[in-house]
Amino acid sequence: MPFETPARFVRTALRGEDCVRHAIRTSILALAFAAPLFAQTAVEYPLPEDGFGPTDVVAGPDGNVWFTESDANQIGRITPAGVITEFPLSDGSVPAGIALGPDGNLWFCENGANAIGRITPAGVVTEFPLPDAFPAGGPSDIAAGPDGGLWFTETDGGSAGRVRRMSLTGAVTASASPNPSQAPHQIVAGPDSNLWFSMPLSGRVGRVTTSGALTEFPLPSPSADALALAPGPDGAVWVAEHLDAGDRLARFASDGTATEVPIPGITSSIYGLAAGPDGAFWFTETDASRIGRVTTAGAVSEFPLPTGSSFPWGIAVGPDGGLWFAEYDADQIGRLAVAPFSCGADATTLCLGGGRYRLTATFNSDRAAGAAHVVGLTSDSGYLWFFDPSNTEVVVKVLDGCAVNSHHWVFAAGLTNVGVGLTVADTQTGVVRAYGNARGTAFAPIQDAGAFPCP
């Protein structure tokens, strides 16, 4: 059966008469780490009206979170304080799927209008109709590619579809070849400089290079319904597999080799998956109205949401370090605090700044891709190696500049032209800073003296 976008679901969850629609709902939840227990707070922000159907969320360049309202034909913006602003689109556009583009604008799919949309942080909307569009289908999801373009998935309204590329001027410039064997849905940029996409109910995932070459890989559990996927901090792409016997995470290395991690006790459909600043994966338990967390070793925590039958959908790390998610049936945007959390040093994780900052990195080249190995030098510095422990590739440090400009600084220097993704997370706030170097270019020095505010 073809996968349906959330705007085409029939709403079956009843909203209680005692719901206070325009009040913030908060619940305190307990989260168990290896470190001591601390309180976890979930907050829900209702949309101005019922029936708007928020679906997908993304961190914006302006410090806010942006989201699609599939049933209301609108794009929404919410500040860290919960102030919501909505921007109308064309009637029948059915927006779903949203990504931050390399131009600093938000790009989204218009499933009902067969178009790709762009909205600036100031709220100016431009819509680009797709050439050779499927008459009965439309675009489903979109991601910024490593080549400076936007890659998106399309379905024909049935079981077929394709993956195409749009330039920043709105021109469709490439298509994956061959077309996927099943309709594609979610799409992400992988740490290996390729695009990866899900094909629900097909038993496979797909990968397309920026030159358009497409490859499909079988899931470890071919009977799984696998919709959500996300790039991991280990240089792999992770896919959520939904099975009646219990959900699992499938890990795909850059060569397509797959392994599997069980998610004990989880049997809900998973429609949103994101790597958190704490190194774990966070996901929406759509059928159970919960947010879940699982480590790469399979340790699970769950967080019931204040509103039952809320149908949580997309999830993303916000600019403030929190997990933001859309609640489709409850017409709400939710936030779950991740920090504080502990930094655990290991072969691929550096704990810098006295243990406050968690640093991980990925690399990709023509012959290999994966998680960078790390070696600590001092409490503030360390270095990375990719292929050989005797070959230093990047030196990094996090410095306390509070006495100078009230910020902690991130500096790095590289001796490589390999593609590098560097992520530094503040364990006290959850705020993440990401830095990158494109494959085939000399590593440019990183001198970010405004990375994290003090204290």
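Count of the range 340-374 residues, restricted to those that are buried (at least 21 other Cβ atoms within 10 Å of the Cβ), of a type outside the set (A, V, I, L, M, F, W, C) and over 23 Å from the mean Cα position of the chain (by Cα), is 1. If you check 306, 233, 312 for being buried (at least 17 other Cβ atoms within 10 Å of the Cβ) and under 23 Å from residue 427 (Cβ atoms), only one passes: 233. For the range 118-139, the criterion of a residue being touching a residue at least 60 places away in the same chain (Cβ under 8 Å) and surrounded by fewer than 20 Cβ atoms within 10 Å (Cβ to Cβ) is satisfied by at least one position. Summed over the range 120-145, residues that are over 15 Å from residue 173 (Cα atoms) and part of a loop (DSSP other than H, G, I, E, B) total 9. Scanning the range 254-266 turns up one or more residues that are under 21 Å from residue 334 (Cβ atoms) and in the same structural domain as residue 322 (by TED's automatic domain parsing).
In the set (1) at pLDDT 95 or above; (2) in contact with a Pro (Cβ under 8 Å, 6 or more places away or on another chain), residue 369 fails one condition alone, (1).
Being assigned to a loop (DSSP other than H, G, I, E, B), modelled with pLDDT of 95 or more, more than 29 Å from residue 337 (Cα to Cα) and of a type in the set (A, V, I, L, M) is a property that residue 113 has. Of all residues in the range 388-420, exactly one satisfies the criterion of being more than 28 Å from the chain's Cα centre (by Cα), under 19 Å from residue 365 (Cβ atoms) and among the charged types (D, E, K, R), namely 388.
Each residue in the range 275-311 was checked for being under 18 Å from the mean Cα position of the chain (by Cα), outside any strand (DSSP E or B) and within 22 Å of residue 423 (Cα to Cα), and 7 of them qualify. Beta carbons closer than 9 Å, at least 6 apart along the sequence or on distinct chains, pair a first residue in the range 373-391 that is modelled with pLDDT of 95 or more with a second that is surrounded by fewer than 12 Cβ atoms within 10 Å (Cβ to Cβ) and in a loop (DSSP other than H, G, I, E, B) for 373/347; 373/389; 374/347; 375/389; 379/354; 380/354; 385/391; 387/367.
For the range 258-300, filtered to residues that are under 12 Å from residue 247 (Cα atoms) and aliphatic (A, V, I, L, M), the residue that is surrounded by the most Cβ atoms within 10 Å (Cβ to Cβ) is 270. Listed by position, the strands (runs of 3 or more DSSP E) enclosed by the range 338-436 that each have at least 1 residues that are more than 30 Å from residue 315 (Cβ to Cβ) and touching a Leu at 6+ places or on another chain (Cβ under 9 Å) are 373-376, 381-385, 394-401, 407-414. A count restricted to the range 146-181 and to residues that are among the aliphatic types (A, V, I, L, M), outside any strand (DSSP E or B) and touching a residue at least 40 places away in the same chain (Cβ under 8 Å) stands at 1.
For the range 237-248, residues that are under 23 Å from residue 209 (Cα atoms) and either free of Cβ contacts under 8 Å to residues at least 24 places away in the same chain or not β-branched (Val, Ile, Thr) (or both) total 2. Between 55, 85, the distinction of being surrounded by fewer than 17 Cβ atoms within 10 Å (Cβ to Cβ) and among the hydroxyl-bearing types (Ser, Thr, Tyr) belongs to 85 only.
Just checking, does the range 340-358 include any residue being outside the structural domain of residue 301 (by TED's automatic domain parsing), out of contact with any strand residue (DSSP E or B) (no Cβ under 8 Å at 6 or more places or on another chain) and either of a type in the set (Ser, Thr, Tyr) or farther than 24 Å from residue 321 by Cα (or both)? There is at least one residue in the range 340-358 that is outside the structural domain of residue 301 (by TED's automatic domain parsing), out of contact with any strand residue (DSSP E or B) (no Cβ under 8 Å at 6 or more places or on another chain) and either of a type in the set (Ser, Thr, Tyr) or farther than 24 Å from residue 321 by Cα (or both).
Being surrounded by fewer than 21 Cβ atoms within 10 Å (Cβ to Cβ), part of a loop (DSSP other than H, G, I, E, B) and free of Cβ contacts under 8 Å to residues at least 40 places away in the same chain is a property that residue 222 has.
Taking the range 85-108 as the range and being within 19 Å of residue 333 (Cβ to Cβ) and assigned to a strand (DSSP E or B) as the test, the residues that pass are 85, 86, 87, 88, 95, 96, 97, 98, 99, 100, 106, 108. Of the residues making up the range 101-116, those that are under 19 Å from the mean Cα position of the chain (by Cα) and free of Cβ contacts under 8 Å to residues at least 60 places away in the same chain number 6.
The values are calculated or read from the model by the stated rules, or taken from the named source; none is laboratory data. What you see is a predicted model, and the numbers here were worked out from it, not measured in a lab. Reconstructed Cβ throughout: ideal geometry from the backbone, glycine too, with neighbour counts over all protein chains shown.
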